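Enquirer: Before we start, here is the structure in question, set down as structure tokens.
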Amino acid sequence: MIHFELRQDKGIGILSPEGPLEASDFQKLTQEIDPYIAANGHLTGLMILAKEFPGWESFGALVSHLRFVRDHHRQIDRIAAVTDSEFLKIMPHIARHFVAAEIRQFPSSDRAQALAWLEARDR
């Protein structure tokens with residue numbers, strides 16, 4: 001399950017996985033993010049808060065995740081991965097080859113710094 005908060009005033013989504021990711025999580029994210037993107041053209045930033053990588057509930061959940069990334073990566077300016085997970089620390093380096101968004105990793109203790117980076121206008 002994923003908890004999601006959209007800060008419409010800043011155009012920033014905050015995503016927090018709470019257990020293995022499910023296919024329905026990405027359908028719900030799409031329903032929340034797409035109207036904002038349709039009205040504003042893009043999402044300024046997406047913060048992923050995950051101390052550890054929760055994995056996927058099923059292969060279908062992995063496929064849904066990949067589809068979500070494919071369908072949205074050009075409409076998100078920046079992604080901040082706030083994590084201490086070794087797996088998630090390397091993901092920004094890999095994802096840079098597949099997504100248009102600028103990606104940066106922050107330690108779990110630096111949530112405020114990550115949010116400030118997402119809000120920065122120096123893009």
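The values are calculated or read from the model by the stated rules, or taken from the named source; none is laboratory data. This structure is a prediction, so every number in the text was calculated from the model and none was measured. Cβ coordinates were reconstructed from backbone atoms using ideal geometry, including for glycine residues, and neighbour counts include every protein chain displayed.
Enquirer: Determine, yes or no, whether Ala61 is outside any strand (DSSP E or B), at pLDDT below 90 and either of a type in the set (S, T, N, Q) or touching a helix residue (DSSP H, G or I) at 6+ places or on another chain (Cβ under 9 Å) (or both). Lay out the reasoning, then the answer.
Expert: Numbers: outside any strand (DSSP E or B): yes; at pLDDT below 90: no; either of a type in the set (S, T, N, Q) or touching a helix residue (DSSP H, G or I) at 6+ places or on another chain (Cβ under 9 Å) (or both): yes.
Judged against the criteria, Ala61 is not a match.
Enquirer: Can I ask one more? Mind checking which residues of the range 7-61 are basic (Lys, Arg) and over 22 Å from Thr83 (Cβ atoms)? Break it down stepwise before answering.
Expert: Applying the first criterion (basic (Lys, Arg)) to the range 7-61 yields 7, 10, 28, 51.
Answer for the range 7-61, where residues must be basic (Lys, Arg) and over 22 Å from Thr83 (Cβ atoms): there is none.
Okay, residues lined up against (1) of a type outside the set (Ser, Thr, Tyr); (2) farther than 25 Å from Gln113 by Cα; (3) without any contact (Cβ under 8 Å) to a residue 24 or more places away in the chain:
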residue	(1), (2), (3)
Ile14	yes, no, no
Pro17	yes, no, no
Leu21	yes, yes, no
Ile48	yes, no, no
Lys51	yes, no, no
Phe59	yes, yes, yes
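Enquirer: Hey, could you check the range 64-115 for residues that are in a loop (DSSP other than H, G, I, E, B) and hydrophobic (A, V, I, L, M, F, W, C) and say which is modelled with the highest pLDDT? Working first, answer last.
Expert: Going residue by residue through the range 64-115, those that are in a loop (DSSP other than H, G, I, E, B) are 83-85, 96-101, 107.
Next cut, hydrophobic (A, V, I, L, M, F, W, C) only: 98-101.
Values: Phe98: 67, Val99: 75, Ala100: 79, Ala101: 83.
Here the answer is Ala101.
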